[in-house]
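Okay, structure first, notes after.
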Amino acid sequence: MSAPLLSLEGVSKTFHVRPVLGAVRRVEALRDVTFSIEPGRALALVGESGSGKSTCGRAVIRHFEPSAGTIRFRGEDIFAGRTRRGDSAYLRAVQMVFQDPFASLNPTHTIRHHLERPLRLHGGTDDLEARLRKTLSDVELDPDTTLEKFPHQLSGGQRQRVSFARALAVGAELIVADEPTSMLDVSIRKSVLDLMRRLKEERSIAFLYITHDIATAHYIAEETAVMFAGQVMERGPSDAVIRNPRHAYSKLLISAVPDPARRFDAEADDALAFTRQADAVRADAARPIAGYREIAPGHFVAYSEADNA
Amino acid sequence: MSAAKSLLSVQNLCVDYLTPAGSFRAVRNVSLDIGHNEIMGLAGESGCGKSTIAFSLMRLHRPPAFISDGKILFDGEDILAFPRRKLEAWRWSGASMVFQSAMNSLNPVLTVFEQFRDMLARHEKTGREAARAKAAEMMAMVGLPADRLDAFPHQLSGGMRQRVVLAMALTLRPRLVIMDEPTTALDVVVQREILQEIVALRGRLGFSVLFITHDLALMAQFADRIAIMLEGRIVEEGAAENLVAFPRHDYTRKLWAAMPRIGGTAA
Ligand SMILES: Nc1ncnc2c1ncn2[C@@H]1O[C@H](COP(=O)(O)OP(=O)(O)OP(=O)(O)O)[C@@H](O)[C@H]1O
Ligand SMILES: Nc1ncnc2c1ncn2[C@@H]1O[C@H](COP(=O)(O)OP(=O)(O)OP(=O)(O)O)[C@@H](O)[C@H]1O
Ligand SMILES: [Mg+2]
Ligand SMILES: [Mg+2]
């Protein structure tokens with residue numbers, strides 16, 4: 001096993017929310033999160049919406065400092081002993097593709113502008129035009145019709161591919177991809193996932209892949225971690241976690257993956273039963289985790305104090 | 001089905017984008033009927049024109065988009081001929097829309113409650129207390145605690161913002177709700193709970209839905225009928241069961257074959 005490229009060790013993050021009236025409320029967005037990613041490999045973060053997946057990603061790109069715990073890149077604490085040169089190298093090595101392409105593209109700039117700067121930073125001006133075109137083709141956009149367009153002239157899916165191209169343009173070593181394919185249709189989603197796979201295999205780029213699409217987690221990531229309410233419920237080889245989930249929340253999540261053979265309207269009782277079960281599992285899973293059991297090599301399942309008693 | 005029987009009847013709709021490079025027809029002769037209380041699914045690859053149709057139906061399309069041909073009848077009335085006042089009153093209460101990437105359609109400087117109150121104030125006389133109660137009720141429907149009403153959008157996760165927008169779209173009891181990828185930011189547990197709730201609400205309150213998504217499996221679970229688009233045209237349309245069991249068009253078959261499945265090799 002090679003040394004991890006990225007590791008999170010007991011990372012916690014608490015937000016303090018000040019309403020106009022009333023007391024400050026604490027949101028524990030991350031609670032004691034631990035995982036690591038090796039070069040050229042992918043870890044998928046799946047789980048409840050609001051469970052802290054994006055918060056993890058944003059801590060990794062140093063959007064903010066964790067309240068507790070350590071994040072290491074190549075073994076070094078990313079918040080300790082920062083130098084300007086080290087900073088810009090880190091910021092180039094770690095790129096983020098956001099959940100929402102509307103938020104990350106500048107409406108007043110053409111696609112050419114969005115890609116030219118990172119390409120120049122990374123590889124100078126040689127063959128700039130050819131590299132521009134290649135980068136767009138890599139994400140299956142037609143350079144002829146796309147280069148001079150503005151973000152609003154592209155469809156949602158086309159826009160998301162541009163943000164992906166931009167992350168590739170700087171030659172990242174780790175890409176934090178926060179739902180990069182959620183707006184792409186299935187026929188294109190696969191080609192983007194294949195692109196990610198190729199980048200992993202051929203250029204050894206690592207991915208922290210955040211998604212609600214569990215089938216794609218299985219397709220792209222060697223490891224999967226399931227999050228709920230700021231904690232990791234289960235973590236291990238994707239195949240084991242997804243095909244044979246062991247934690248009650250992971251089981252619930254995987255049971256809810258859309259199944260075209262099961263209509264919603266034909267099952268009013270079913271709907272009620274599902275909601276009841278979901279509520280019960282969520283209430284249970286919200287309790288603090290006491291520790292993890294390693295049920296198979298590298299496959300960890302959380303337990304709480306109550307489980308032990 | 002005759003036009004009068006449908007809540008929404010789109011006839012030969014054409015929408016063009018006028019770009020410096022010339023005009024581009026994004027929607028080509030689309031005809032589509034949505035019945036009362038019907039959930040109509042619209043699927044098709046990225047860029048095929050789904051959102052363009054959605055915006056046009058609400059008359060929310062902006063230049064360089066132009067409706068160059070066709071009719072849009074809502075309960076028999078031509079919405080393309082609505083004067084501005086009537087149009088504004090009709091939006092939210094006649095038909096409402098959950099935008100693609102809805103999570104960024106919230107105003108960043110207002111709390112969630114202030115946005116509910118704005119919307120309510122524009123349509124009916126609602127006191128602060130009543131607005132608060134209504135907003136809390138709608139939040140509960142999408143599984144959010146009432147205390148989140150005091151949050152600003154950036155303090156909520158993507159999925160939470162998406163649920164807020166969904167709740168707002170249903171607040172004024174519109175007869176048609178257009179949902180452009182309403183659940184892509186949600187986990188599958190919450191997604192299922194919300195869509196089941198919408199099915200139940202439709203039964204209780206009665207409204208129609210135009211549901212746009214890339215997730216064909218989800219569409220098959222939720223929609224009564226499905227239309228498949230390719231390059232601005234509808235290439236196949238039918239009852240959801242039939243489109244799942246017997247897709248006729250090559251493109252529909254291709255979409256199904258490309259669908260992610262756990263355990264399969266294709267993603
Ligand atoms: N800036 C902030 N201030 C206060 N609370 C925040 C802030 N950012 C995130 N949170 C809270 O932290 C929690 C985790 O949010 P996060 O965005 O990480 O969730 P997520 O798992 O990415 O969800 P989704 O799948 O819906 O995108 C949520 O309860 C959210 O409201
Ligand atoms: N403002 C614009 N100017 C020029 N062309 C545009 C504009 N907006 C959209 N288009 C083009 O119109 C076509 C349809 O776009 P639309 O956003 O309706 O697609 P969509 O089916 O919703 O795609 P997605 O699934 O990716 O959201 C695309 O080819 C797009 O590039
Ligand atoms: Mg998120
Ligand atoms: Mg769209």
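A few comments on the model shown:
- Scanning the stretch A:159-177 finds one or more residues that are open to solvent by less than 10 Å² (accessible area, probe 1.4 Å) and within 10 Å of ligand 2 (Cβ to nearest atom).
- Elements of type helices (runs of 4 or more DSSP H) contained in the stretch B:167-267, each with 1 or more residues being open to solvent by 10 Å² or more (accessible area, probe 1.4 Å): B:188-205, B:240-245, B:250-257
- Test: residue in the stretch A:43-56 that is modelled with pLDDT under 95, more than 16 Å from the chain's Cα centre (by Cα) and open to solvent by less than 30 Å² (accessible area, probe 1.4 Å): no
- Selection count, the stretch A:29-53, where residues are within 14 Å of chain B (Cβ to nearest Cβ) and more than 16 Å from ligand 3 (Cβ to nearest atom): 1
- Lone unmet requirement of (1) over 14 Å from the mean Cα position of the chain (by Cα); (2) free of Cβ contacts under 8 Å to residues at least 60 places away in the same chain; (3) closer than 19 Å to B:Ala95 by Cα; (4) assigned by TED's automatic domain parsing to the domain that holds B:Ser51 for B:Leu195: (1)
- Where strands (runs of 3 or more DSSP E) sit wholly within the stretch B:1-79, none has at least 3 residues that are within 16 Å of ligand 3 (Cβ to nearest atom).
- Matching residues, the stretch B:38-63, being surrounded by fewer than 20 Cβ atoms within 10 Å (Cβ to Cβ), within 14 Å of the chain's Cα centre (by Cα) and away from ligand 4 (no atom under 16 Å from the Cβ): B:Arg59
- Residue that is within 16 Å of ligand 4 (Cβ to nearest atom) and within 29 Å of A:Tyr219 (Cβ to Cβ), where the choices are A:Leu105, A:Leu45, A:Leu30: A:Leu105
- Matching residues, the stretch A:270-302, being in contact with an Asp or Glu (Cβ under 7 Å, 6 or more places away or on another chain) and without any contact (Cβ under 8 Å) to a residue 12 or more places away in the chain: A:Thr275
- Members of the stretch A:239-254 that are at the interface with another protein chain (Cβ under 10 Å from one of its Cβ atoms) and either open to solvent by less than 30 Å² (accessible area, probe 1.4 Å) or closer than 12 Å to A:Phe300 by Cβ (or both): A:Ile242, A:Tyr249, A:Leu252, A:Leu253
- Helices (runs of 4 or more DSSP H) contained in the stretch A:40-117 and holding at least 2 residues more than 30 Å from A:Ser238 (Cβ to Cβ): A:84-93
- Any hit, the stretch B:59-73, residues being without any contact (Cβ under 8 Å) to a residue 12 or more places away in the chain and under 30 Å from A:Thr181 (Cβ atoms): yes
- Residue within the stretch A:2-14 that is free of Cβ contacts under 8 Å to residues at least 24 places away in the same chain, more than 16 Å from ligand 4 (Cβ to nearest atom), of a type in the set (Gly, Ala, Ser) and part of a loop (DSSP other than H, G, I, E, B) present: no
- Among the residues of the stretch B:135-182, those that are within 16 Å of ligand 4 (Cβ to nearest atom) and more than 9 Å from chain A (Cβ to nearest Cβ) comprise B:Val165, B:Ile178, B:Met179, B:Pro182.
- When A:Ala68 is tested against the conditions (1) touching a residue at least 24 places away in the same chain (Cβ under 8 Å); (2) within 14 Å of chain B (Cβ to nearest Cβ); (3) over 15 Å from the mean Cα position of the chain (by Cα), the lone failure is (2).
- All positions within the stretch B:80-99 that are assigned to a strand (DSSP E or B) and either within 11 Å of chain A (Cβ to nearest Cβ) or more than 16 Å from ligand 4 (Cβ to nearest atom) (or both): B:Ala95, B:Ser96
- Here A:Arg287 passes the criteria (1) over 26 Å from A:Thr14 (Cα atoms); (2) in contact with a strand residue (DSSP E or B) (Cβ under 7 Å, 6 or more places away or on another chain); (3) outside any strand (DSSP E or B); (4) not assigned by TED's automatic domain parsing to the domain that holds A:Ser49 except the one numbered (1).
- Contact map, the stretch A:130-159: first residue farther than 27 Å from B:Ile212 by Cα, second residue within 16 Å of ligand 3 (Cβ to nearest atom), Cβ cut-off under 7 Å, separation 6 or more or different chains; the map is empty.
- Restricting the stretch A:57-72 to residues that are more than 16 Å from ligand 3 (Cβ to nearest atom) and at pLDDT below 95, the residue that is most open to solvent (accessible area, probe 1.4 Å): A:Glu65
- One residue stands out among those in the stretch B:112-158 that are among the polar types (S, T, N, Q) and assigned to a helix (DSSP H, G or I): the one that is most open to solvent (accessible area, probe 1.4 Å), which is B:Gln155.
- Flag for A:Glu202 being within 14 Å of chain B (Cβ to nearest Cβ) and more than 16 Å from ligand 4 (Cβ to nearest atom): no
- Enumeration of residues in the stretch B:196-250 that are of a type in the set (S, T, N, Q) and within 16 Å of ligand 4 (Cβ to nearest atom): B:Thr213
The values are calculated or read from the model by the stated rules, or taken from the named source; none is laboratory data. The structure displayed is predicted, hence computed values, not measured ones. Methodologically, a virtual Cβ is constructed for each residue, glycine included, from the backbone with ideal geometry; neighbour enumeration extends over all protein chains shown. Heavy atoms of the whole protein, side chains included, go into the accessibility calculation; ligands, DNA and RNA do not. Shrake-Rupley method; radii C 1.70, N 1.55, O 1.52, S 1.80 Å.
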